[in-house]
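Worksheet: the structure to be examined is printed underneath.
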Amino acid sequence: MGQSPAVPNNAGRVSFGRMARDSVFELILTSVLLFGVVSIVRWVIGPSPISRAIPEIHAELCIVGAAVAFLLTGLILSPLGKASGGHTNPAISLAMWRFGVFPGAGVIPYTISQLFGSVLGVVAARRVWGNVVADPPVVHAALQPGPGWSTWELFVTEAFGMAVIVFLVGLCLSVQRLTPFVPWIVGALVGVGIAVLGTATGGSLNPARQFGPAIVSGQTQFLWVYLVAPLVGAAVAAWLRSQFQYRRKVLTHRLCGTVGDPAGNQI
């Protein structure tokens, strides 16, 4: 593989104001994502014309996966997503730090914002849609592993799923001509994960995806797995990408693929 174009590495230098602004953007984006996820689950799996017309759970999960894929892609490509990077996922923020294109000092503010935004999004969905969101089968869109799944199997599956996403994102963000496809790749991979893993692990692949629903619903038994496993998968995948593509640098932490912002600065 040829050498990627040189990119200024200012990942360690970012103003407090810039980081605070982008952390707020991540909070808003994750709130919208979780509001959307709960709303999609409410209208596809909860009592609705869709669930009555399509009662088969695998078909419903395909619809949920497709809807979440388009929602996530849209958030990444939104003005806020282009500014902050559109991570909406602590595992992605961690991976971008390990890729060397995101400041380590930004991982914790982003993570806190994403987790808090997750709770806000779920609470907002409850306020808009009412008690139906809290009742089965919606239960605030909280995830539980399928029958017979052990904690270890859940951990490995969620970690592996996140590792696949991070590895492919890292590969694409290191090749300039591939960066515009990253939002669609991320959305598609998450959508497929929901459709394939929905009856097994739930297909979270994002600590923030499960945090709000679990906290609001009180279903926290497996929460630590959903929080930790994607982070482990992301860290491993970032290391593997560095071994596989050691001559190429990841160009940007922005999932939209934009290397610099309008002012020409790189976070």
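Listing for the model above:
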read-out	value
Residue in region 19-49 that is farthest from the chain's Cα centre (by Cα), counting only those that are more than 18 Å from Ser118 (Cα to Cα) and buried (at least 16 other Cβ atoms within 10 Å of the Cβ)	Gly46
The one condition in (1) within 18 Å of the chain's Cα centre (by Cα); (2) closer than 30 Å to Thr258 by Cα that Val196 fails to fulfil	(2)
Set Gly191, Gly257: member being small (Gly, Ala, Ser) and either part of a loop (DSSP other than H, G, I, E, B) or without any contact (Cβ under 8 Å) to a residue 40 or more places away in the chain (or both)	Gly257
First in region 209-222 and closer than 24 Å to Ile92 by Cα and crowded, with 23+ Cβ neighbours inside 10 Å, second anywhere and among the basic types (Lys, Arg) and modelled with pLDDT of 95 or more, Cβ under 9 Å, 6 or more apart	Val216/Arg126
Failed item, numbered, when Ala200 is tested on (1) in a helix (DSSP H, G or I); (2) open to solvent by less than 20 Å² (accessible area, probe 1.4 Å)	(1)
Conditions (1) open to solvent by less than 60 Å² (accessible area, probe 1.4 Å); (2) of a type outside the set (Lys, Arg); (3) touching a helix residue (DSSP H, G or I) at 6+ places or on another chain (Cβ under 6 Å); (4) not in a loop (DSSP other than H, G, I, E, B): number failed by Leu205	(4)
Some residue of region 178-193 being of a type outside the set (Phe, Trp, Tyr) and more than 19 Å from the chain's Cα centre (by Cα)	yes
Qualifying residue in region 232-249 (condition: among the β-branched types (Val, Ile, Thr) and in contact with a Ser or Thr (Cβ under 7 Å, 6 or more places away or on another chain))	no
Meets criteria (open to solvent by less than 40 Å² (accessible area, probe 1.4 Å), closer than 29 Å to Gly17 by Cβ and either free of Cβ contacts under 8 Å to residues at least 12 places away in the same chain or assigned to a loop (DSSP other than H, G, I, E, B) (or both)) for Val250	yes
Given (1) farther than 20 Å from Val37 by Cβ; (2) touching a residue at least 40 places away in the same chain (Cβ under 8 Å); (3) assigned to a helix (DSSP H, G or I), number of the condition Gln243 does not satisfy	(2)
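The values are calculated or read from the model by the stated rules, or taken from the named source; none is laboratory data. Just so it is clear, the structure is predicted and the values come from calculations on it, not from any experiment. Because the Cβ atoms are built from the backbone with ideal geometry, glycine has one as well, and the counts that use them run over all protein chains shown. All accessible areas refer to the heavy atoms of the entire protein, side chains included, with ligands and DNA or RNA removed. Shrake-Rupley method; radii C 1.70, N 1.55, O 1.52, S 1.80 Å.
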